[in-house]
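Novice: Take this structure, written in structure tokens, and hold onto it; I'll ask about it next.
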């Protein structure tokens with residue numbers, strides 16, 4: 001294949017690349033999966049290609065297996081706490097049965113704490129460790145530039161991941177995004193806001209109220225043994241600016257009919 005054909009192949013894959021981001025399982029504490037919405041928004045703003053992105057949210061009642069079967073994604077990215085990891089593993093296994101060429105990626109606090117064990121005991125190809133936006137963007141764009149096939153050298157250069165390749169390898173950590181205001185507002189248009197804005201869904205109050213969640217900071221200075229924050233953010237705290245939050249409350253959240 002000549003250089004022109006290679007370039008065309010990359011452009012074609014970038015135009016039609018389908019990414020399915022999955023929130024697995026039913027949670028007793030019902031919150032919209034903003035982490036996935038942030039990944040989608042970051043890709044839209046900083047990614048080098050056009051992508052078709054779908055968030056499949058089992059917590060909002062979606063049938064994940066049906067979504068994957070009908071959507072036919074090239075990449076399936078799943079977030080998981082320890083409570084969700086068994087279901088996440090089931091979804092990854094189903095995905096590989098549908099098509100072994102689908103790239104399966106796991107992120108979240110569980111795999112951040114246990115990357116080697118998680119990859120060894122599941123059908124995930126790659127783990128994103130700690131903060132995911134820039135790492136996931138680099139993974140996706142490199143996947144396209146390599147026409148859907150990673151070499152070992154490709155994987156070695158991506159900070160903040162662990163991966164399988166005749167063994168399990170954990171790369172150098174990626175630094176945190178210092179200015180949180182550089183991260184775009186989450187792609188709430190990809191979430192089932194009709195579900196999450198039902199009175200009493202997010203906040204169990206009397207009388208039931210409609211409510212939405214926002215994130216004003218990342219990290220926590222404390223080291224509670226029951227919390228995942230020390231693993232995710234290493235007790236480093238970063239804040240959004242007051243201007244960013246005022247704009248978010250006054251503009252973006254109001255668009256969600258609150």
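Yes or no, residue by residue, for (1) surrounded by 13 or more Cβ atoms within 10 Å (Cβ to Cβ); (2) in contact with a helix residue (DSSP H, G or I) (Cβ under 9 Å, 6 or more places away or on another chain); (3) more than 21 Å from residue 130 (Cα to Cα):
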{"position": "181", "(1), (2), (3)": "yes, yes, no"}
{"position": "186", "(1), (2), (3)": "yes, yes, no"}
{"position": "192", "(1), (2), (3)": "yes, yes, yes"}
{"position": "197", "(1), (2), (3)": "yes, yes, yes"}
{"position": "201", "(1), (2), (3)": "yes, yes, yes"}
{"position": "215", "(1), (2), (3)": "yes, yes, no"}
{"position": "223", "(1), (2), (3)": "no, yes, no"}
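Conditions tested, residue by residue: (1) under 27 Å from residue 50 (Cα atoms); (2) at pLDDT 95 or above.
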| site | (1), (2) |
| --- | --- |
| 102 | yes, yes |
| 118 | no, yes |
| 121 | no, yes |
| 128 | yes, yes |
| 142 | yes, no |
| 157 | yes, no |
| 164 | no, no |
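Novice: For the stretch 63-72, which positions are touching a strand residue (DSSP E or B) at 6+ places or on another chain (Cβ under 7 Å) and either modelled with pLDDT under 95 or within 22 Å of residue 148 (Cα to Cα) (or both)?
Specialist: 67, 68, 71, 72
Novice: Is it the case that the stretch 158-173 has a residue that's without any contact (Cβ under 8 Å) to a residue 24 or more places away in the chain and outside any loop (DSSP other than H, G, I, E, B)?
Specialist: Pass one, the stretch 158-173, residues without any contact (Cβ under 8 Å) to a residue 24 or more places away in the chain: 158, 165-167, 169, 171-172.
With the extra rule that they be outside any loop (DSSP other than H, G, I, E, B), the set shrinks to 169.
There is at least one residue in the stretch 158-173 that is without any contact (Cβ under 8 Å) to a residue 24 or more places away in the chain and outside any loop (DSSP other than H, G, I, E, B).
The values are calculated or read from the model by the stated rules, or taken from the named source; none is laboratory data. Small disclaimer: the values here were computed from a predicted structure and weren't measured. So basically every Cβ, Gly included, is an ideal-geometry build from the backbone, and we count neighbours across all protein chains shown.
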